[in-house]
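Undergrad: One structure is given below, represented as structure tokens, and several questions about it will come after.
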Amino acid sequence: ADGLQGDGALMIGFASGDLGAAQTAAQTSGMDSVVYPVGGNVLKEFSGEAPVYSVTLDDWRVHEGVDFAAEKGAVVKAFTGGQVKEIYDDPMLGKTMVISHSGGYEAYYCGLGDTTLVSAGDSVYPGQDIGSVKEIPSEVLDASHLHFGVKKDGVWINPMDALAGAEQ
């Protein structure tokens, strides 16, 4: 989509770099080149089936994604090429964008700001600016971050596997 949707300004930028290694790794998985959606500093890892403690909710639960440290307002990028499937407000994860990618992958970008740079149905390319970081209601006591989840053929996988070889 051309222009902004939502309620405000968004920091825009594209960090270009040599994506050769990322493209090679991605090609073996059937995807375009891959990039980190925000910086690569992991605050909380994917837990698989092992519960982890949630400070905000004061309980134990599985963590079906990776939390990447990012300041509020930081630009979020598409991790690889695909098509925006939907954008919705989730009571636990905040504004969530789902992008379908080749090879049966779907990426979930959670805790986005009210402003998005793409709409449902839009095609995206690797590293394209898609929105910004805001907050995740179920993780508000954690440091500011993007919650990034990936499904492969409908099953949650460790997003770091999908990001293998990605540029930061």
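The values are calculated or read from the model by the stated rules, or taken from the named source; none is laboratory data. Everything quoted here is computed from the prediction, not taken from an experiment. Note: ideal-geometry Cβ built from the backbone for every residue, glycine included; neighbour counts use all protein chains shown. SASA here: full protein model, heavy atoms, side chains in, ligands and nucleic acids out. Shrake-Rupley method; radii C 1.70, N 1.55, O 1.52, S 1.80 Å.
Undergrad: Quick query: amide H of Lys44 versus all other amide H atoms, modeled in the peptide plane; which residues come in under 5 Å with a sequence gap of 5 or more or a different chain?
TA: The answer is Asp67.
Undergrad: Also, quick follow-up: Can you run phi through the Karplus equation (6.51, -1.76, 1.60; θ = phi - 60°) for region 54-69 and list ³J(HN,Hα) in whole Hz, with x for Gly and Pro?
TA: In residue order, the calculated couplings are 9, 5, 5, 8, 6, 7, 10, 7, 6, 10, 8, x, 10, 9, 9, 4 Hz.
Undergrad: Which value, in Å² rounded to 10, gives the accessible area of Tyr125 with a 1.4 Å probe and all protein chains present?
TA: Approximately 130 Å² for this residue.
Undergrad: Still on this structure, please answer the following. For q = 0.15, 0.23, 0.26 Å⁻¹, what log10 I(q)/I(0) does region 87-161 give under the Debye formula with an equal point scatterer on each alpha carbon and no solvent?
TA: Debye intensities relative to I(0), on a log10 scale: -0.51, -1.15, -1.33.
Undergrad: Right, here's the next one. Note down the accessible area of Thr115, probe 1.4 Å, to the nearest 10 Å².
TA: 10 Å²
Undergrad: Step through the residues of region 145-153 one at a time and calculate ³J(HN,Hα) from phi using the Karplus curve (6.51 cos²θ - 1.76 cosθ + 1.60, θ = phi - 60°), rounding each to whole Hz and writing x for Gly and Pro.
TA: Each residue's phi maps through the Karplus curve to give 6, 9, 8, 10, x, 9, 10, 10, 6 Hz.
Undergrad: Further, regarding this structure: Specify which residue in the list Leu93, Tyr105, Gly154 is farthest towards the positive end of the charge dipole of region 33-160, using unit charges on the beta carbon of Lys, Arg (+1) and Asp, Glu (-1), about the Cα centre.
TA: Projecting each Cα onto the dipole axis, the largest value belongs to Tyr105.
Undergrad: Given an 8 Å cut-off on Cα distances and at least 6 residues of separation, report the relative contact order of region 60-168 as a percent.
TA: 35 percent
Undergrad: Apply the a/c threshold of 1.5 to the C-alpha gyration tensor of region 31-168 and tell me whether it is rounded, prolate or oblate.
TA: Working: a/c = 1.56, a/b = 1.29, b/c = 1.21.
Because a/c hits 1.5 or more and a/b exceeds b/c, region 31-168 counts as prolate.
Undergrad: What is region 50-119 by shape, rounded, prolate or oblate, if you read a ≥ b ≥ c off the alpha carbon gyration tensor as root eigenvalues and call it rounded for a/c under 1.5, prolate for a/b larger than b/c, and oblate otherwise?
TA: Verdict is prolate for region 50-119.
Undergrad: Between Ser123 and Leu43, what is the label-point separation in nm under the 7 Å Cα-to-beta-carbon projection?
TA: 3.5 nm
Undergrad: Starting from the Cα of Leu141, step 7 Å toward the Cβ, then list every residue of region 54-75 with an amide N under 15 Å from that point.
TA: Counting only backbone N, you get 54-61.
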